[in-house]
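The structure appears right after this line, and notes come after that.
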Amino acid sequence: MEPLSEKRSYRSIWISDVHLGTRGSKAEYLLDFLKYSDSEYLYLVGDIVDGWRLKRNWYWPQSHNDVIQKILRRARKGVNVYYIPGNHDETAREYVGIQFGGVTVVNEIVHQTADGRRFLVIHGDQFDAVVKYAKWLALIGDHAYVMLLYLNTWLNFVRRKLGFTYWSIAAYLKHRAKSAVEYIGNYETALAEEARRREVDGVICGHIHTAEIRNMEGILYCNDGDWVESCTALVEHATGELEIINWAEVLRQRSIKAAA
């Protein structure tokens, strides 16, 4: 991927799982991405703010506030901004149908791309059996995930000192563990089946922090990833083509180019 050195314009941008209010959130990465990326549509696909964590421990640095302000500024400038709450910011579902500062809160929405395809946009926790039927287990898993991210922060501090790039333990373990791979596969299948039932061309979601674009028997499954581990967004070009942007990789390439 060619590193971005100037602002790029997209038709649509999807971001999710920013988890503002947690120490693991890469808010600075997201601010940099938004600095170099414009769009006509901006979809916030859930877990933008981590209400679970904020209830237990208040953490809200300036960069997290800057993300909210930048999004609101885009809405004021005429960008169509839609907020689809997830499980970590589920209290926002009480405000579905209401607009705040130009940001419209919806449970889900169907987006039509420039080439005429229709996509169901939804956070996806509704299709996660653990979240839906055993929330207590999800909360325990959330605690374990926090500890893993804490360990990851210190590991990458050492890696930076040694001249190495960012690496995610959580993402590595997720792709190595058989049970995690099976869980992700079941989740993707459930979302694809829902898109098929709704008679749309595909689904765009978040929730599992795993960015991917994959054709599943005629249904295009798209996950925009997260801004905790991978720092990814899904974008739509003017032609309707969809692409995953890995901003951590963009920053790595930019650093290499600057050092050359």
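The values are calculated or read from the model by the stated rules, or taken from the named source; none is laboratory data. All values derive from a computational prediction rather than experimental measurement. Ideal geometry is used to build each Cβ from the backbone, glycine not excepted, and the neighbour counts take in all protein chains shown.
Descriptive notes on the structure:
- Those strands (runs of 3 or more DSSP E) of segment 1-105 in which at least 1 residues are farther than 20 Å from H209 by Cα and among the basic types (K, R), considering only elements entirely within it, cover 8-15.
- Residue count for segment 221-230 under the criterion of being small (G, A, S) and in contact with a helix residue (DSSP H, G or I) (Cβ under 8 Å, 6 or more places away or on another chain): the result is 1.
One line per residue, one yes/no per condition, for (1) at pLDDT 95 or above; (2) in contact with a Phe, Trp or Tyr (Cβ under 9 Å, 6 or more places away or on another chain); (3) buried (at least 19 other Cβ atoms within 10 Å of the Cβ):
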site: V45; (1), (2), (3): yes, yes, yes
site: R53; (1), (2), (3): no, yes, yes
site: V96; (1), (2), (3): yes, no, no
site: Q112; (1), (2), (3): yes, yes, no
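- For the criterion of being farther than 16 Å from L251 by Cα, surrounded by fewer than 16 Cβ atoms within 10 Å (Cβ to Cβ) and acidic (D, E), E40 passes.
- When Y36, Y41 are checked against the criterion of being more than 16 Å from the chain's Cα centre (by Cα) and either at negative phi or modelled with pLDDT of 95 or more (or both), Y36 stands alone in meeting it.
- Checked against the criterion of being part of a loop (DSSP other than H, G, I, E, B), in contact (Cβ under 8 Å) with a residue 12 or more places away in the chain and crowded, with 24+ Cβ neighbours inside 10 Å, segment 216-224 contains one or more residues that satisfy it.
- Scan of segment 244-260 for residues that are outside any helix (DSSP H, G or I) and either more than 25 Å from H111 (Cβ to Cβ) or touching an Asp or Glu at 6+ places or on another chain (Cβ under 8 Å) (or both), ordered by number: I244, A260
- Search result, residues across segment 231-246 that are buried (at least 23 other Cβ atoms within 10 Å of the Cβ) and either of a type in the set (S, T, N, Q) or in contact with a helix residue (DSSP H, G or I) (Cβ under 7 Å, 6 or more places away or on another chain) (or both): C231, T232, A233
- Top-ranked residue of segment 225-255 - restricted to ones that are β-branched (V, I, T) and touching a residue at least 60 places away in the same chain (Cβ under 8 Å), ranked as nearest to E212 (Cα to Cα): I245
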